[in-house]
1. Counting only helical runs of four or more DSSP H residues, what would the 222 nm mean residue ellipticity of the chain come to if each run contributes -39,500 (n - 2.57) and the total is spread over all its residues?
2. Sort Met133, Met185 so that the residue with the fewest other Cβ atoms within 10 Å of its own Cβ comes first and the one with the most comes last.
3. Tell me the trypsin sites (Lys or Arg not before Pro) within the stretch 53-130 that lie in a loop according to DSSP and have at most 16 other beta-carbon atoms within 10 Å.
4. Report the residue, chosen from Ala94, Ala131, Ala70, that carries the largest GNM mean-square fluctuation when the chain is represented by alpha-carbon nodes joined by springs under 10 Å.
5. If you build a Gaussian network model of the chain, linking Cα atoms that sit under 10 Å apart, which residue out of Gly146, Gly68, Gly27 swings the most?
6. Tell me, what is the FRET efficiency for Ser77 and Ser51 to the nearest 0.05, using R0 = 25 angstrom and their Cβ-Cβ distance as r?
7. So if I place +1 on the C-beta of Lys and Arg and -1 on the C-beta of Asp and Glu, and nothing else carries charge, what would the dipole magnitude of the chain be about its Cα centre? I want it in debye, nearest 20.
8. Any chance you could check the Cα centroid distance between the stretch 122-145 and the stretch 27-43 for me, in angstrom?
Amino acid sequence: MNKTILFWRRTDTEGLERLELAMQPDGIQASSTVLCLESGGFRLDHQWLLSPDWRALSVTVERWNAGGHAALRLERSGTGWLVDGKPRADLEGAQEPDLSVTPFCNTFPIRRTPEHAGASLQLDTAFIDGAEMTVARSSQRYDRQGPGRVRYVDLGLSLGFEADLAVDAQGLVLKYEHLFERVRMEAK
């Protein structure tokens, strides 16, 4: 098993994420904790199960804030998604989940965006608003700008939002313009 630990810092507000990534031949697991002052402050844990080709199979999200605790689970079901075990017709055909409080899930479409500059990938997502704990369909596009550089364009719920992303060789975000940056861990 190949295990990696990543940290991201929010650049628009105070916040930090620690993500543990375990890659095995039969799939990928990720477990993360986000602490953030956005929306009155919250802690959010998210656990992912991915196929070996980095397609999300499920994600469980739990949030704690002054209002209490909330949880939801999103699971792939055929070409659609179950939310807390119930089918959601509005999510039929959405290719991947997108969780608002982390740059981790941008990796899934980035890895499928063709490598040559000028290539694009457009997809529909099951967008999870981590602060509100809601799920809605949204659309986005990834434009390859060159090696390690991708432009994110929101075509749905945040229409008009765009950001440049710098990514490593695995497609994991190093810097997400306006929102996140990877924190480098010091070697012991």
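Each value in this text was obtained by applying a stated rule to the coordinates, not by laboratory testing. All figures in this text were calculated on a predicted structure; none of them were measured in a lab. In this analysis, Cβ positions are derived from the backbone assuming ideal geometry, glycine residues included, and neighbour counts consider all displayed protein chains.
1. Numbers: 1 runs with 6 residues, N = 188.
It lands at -500 deg cm²/dmol.
2. On the way: Met133 18, Met185 10.
In order of increasing Cβ crowding within 10 Å: Met185, Met133.
3. Values: sites: Arg55, Arg63, Arg73, Arg76, Arg88, Arg111, Arg112; in loops: Arg55, Arg88.
Sites meeting the loop and neighbour criteria: Arg55.
4. Ala70
5. Checking each option, the largest mean-square fluctuation is seen for Gly68.
6. Numbers: r = 14 Å, r/R0 = 0.57.
Using R0 = 25 Å, I get an efficiency of 0.95.
7. On the way: 22 positive and 27 negative charges, 80 e Å.
The calculation lands at about 380 debye.
8. Rounded to whole Å, the Cα centres lie 17 Å apart.
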